[in-house]
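**Student:** Please read through the structure below; I'll follow up with questions.
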């Protein structure tokens, strides 16, 4: 049966998710010393309908270091940019490559890609979820604290794809997540209830200071994501007071860490002093995209 990575739930229970982090740790610690090339002879299409830096770089390097050959396909450089249906692109890819990673818009486009191929497809970001990034965030957190148990996670800002994936993660791990989102930009209640039904403690706030109080991990993202540029002025007004800055950080646990999936708009969702401060693990988090990408590729090919 072909393995697809739509969301974190595809990994199974908490142990399945933790096994990805275990392999990512092994890849990090042994980088440059691992001789095996498990993807040798395999062509992996990296398909991007949205711009990318960390996702593209981490996946290209990951495929290369695992012995495979990455084939990068962008919207501008392919017939997708001229409106070719995903079904047509998918059927061609499925006959030429051994695996696909797909960074796209609506989750339905990812599902359509999966519907027309018989090779593994991995979600490299959709408007609804960003599970690859969450694996990197969890690896970074676990390496710092030595555990994911007993931690309070806080999300401050937009109830976007990252917030959705945090909800999925704490549901699987039965963790604790406090979210502060302004009115009109909250996370979907069905995702909140789904996480709670799995045993997670999820608390919703309007006040970011309340969400941050006692937190061990503080996370945020840009207020205006790709495709929302026309909403920038309205969003900046709505998100006034939701910046992750030193005043908010002071509410957290003294040993708290700060995460941001990048790119960051310094002075908007996060202050310069926080992202460049001693509690920021943003650059470790970015590096973790490489190691977790390797682990997820191995999982998709049944090698983990």
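**Student:** Roughly how many Å is it from the Cα centre of segment 204-278 to that of segment 131-182, as a whole number?
**Tutor:** For segment 204-278 versus segment 131-182, the Cα centre distance is 14 Å.
**Student:** Which ordering of 50, 188, 183 is given by a fewest-first count of other beta-carbon atoms within 10 Å?
**Tutor:** Lowest count first: 183, 188, 50.
**Student:** Rounded if a/c is under 1.5, else prolate if a/b beats b/c, else oblate: with a ≥ b ≥ c from the C-alpha gyration tensor eigenvalues square-rooted, which is segment 183-250?
**Tutor:** Oblate, since a/c reaches 1.5 and b/c is not below a/b.
**Student:** With contacts defined as alpha carbon pairs under 8 Å and 6 or more residues apart, what's the relative contact order of segment 133-285 in percent?
**Tutor:** Once divided by the residue count of segment 133-285, the mean separation gives 24 percent.
**Student:** Quick one: check the C-alpha center-to-center distance for segment 1-18 versus segment 47-101, whole angstrom.
**Tutor:** 21 Å
**Student:** For labels at residue 69 and residue 84 in the simple 7 Å Cα→Cβ model, what's the distance in nm?
**Tutor:** Reported label-point gap for residue 69 and residue 84 is 1.9 nm.
**Student:** Whole number please: convex hull volume per residue of the Cα set in segment 68-197, in Å³?
**Tutor:** 147 Å³
**Student:** Can you show me the helix-derived [θ] at 222 nm for the chain, built from DSSP H runs with n ≥ 4 at -39,500 (n - 2.57) apiece and divided by the number of residues, rounded to the nearest 500.
**Tutor:** Computed ellipticity for the chain at 222 nm equals -12000 deg cm²/dmol.
**Student:** Please report the antiparallel percentage of DSSP beta bridges with both residues in segment 32-162, rounded to the nearest 5.
**Tutor:** 0 percent
**Student:** May I ask you to derive the relative contact order of the chain, considering only C-alpha pairs under 8 Å and at least 6 residues apart, and to give it as an integer percent?
**Tutor:** Once normalised by length, the contact order is 20 percent.
**Student:** Can I ask one more? Quick one: grab the alpha carbon gyration tensor of segment 62-132, order the square roots of its eigenvalues as a ≥ b ≥ c, and give me rounded if a/c is under 1.5, else prolate or oblate depending on whether a/b is larger than b/c.
**Tutor:** rounded
**Student:** Would you mind ranking 156, 34, 73 so that the residue whose beta carbon has the fewest other beta carbons within 10 Å leads the list?
**Tutor:** If I rank by nearby Cβ atoms, fewest first, I get 34, 73, 156.
**Student:** Here's a follow-up. Antiparallel as a % of all DSSP beta bridges within the chain, to the nearest 5?
**Tutor:** Restricted to the chain, the bridges split so that about 0 percent are antiparallel.
Taken together, the values in this text are just the output of simple stated rules run on the coordinates, not laboratory data. Being a predicted model, the structure only gives us computed values, none of them experimental. Cβ sites come from the backbone with ideal geometry, for glycine too, and all protein chains shown count toward neighbours.
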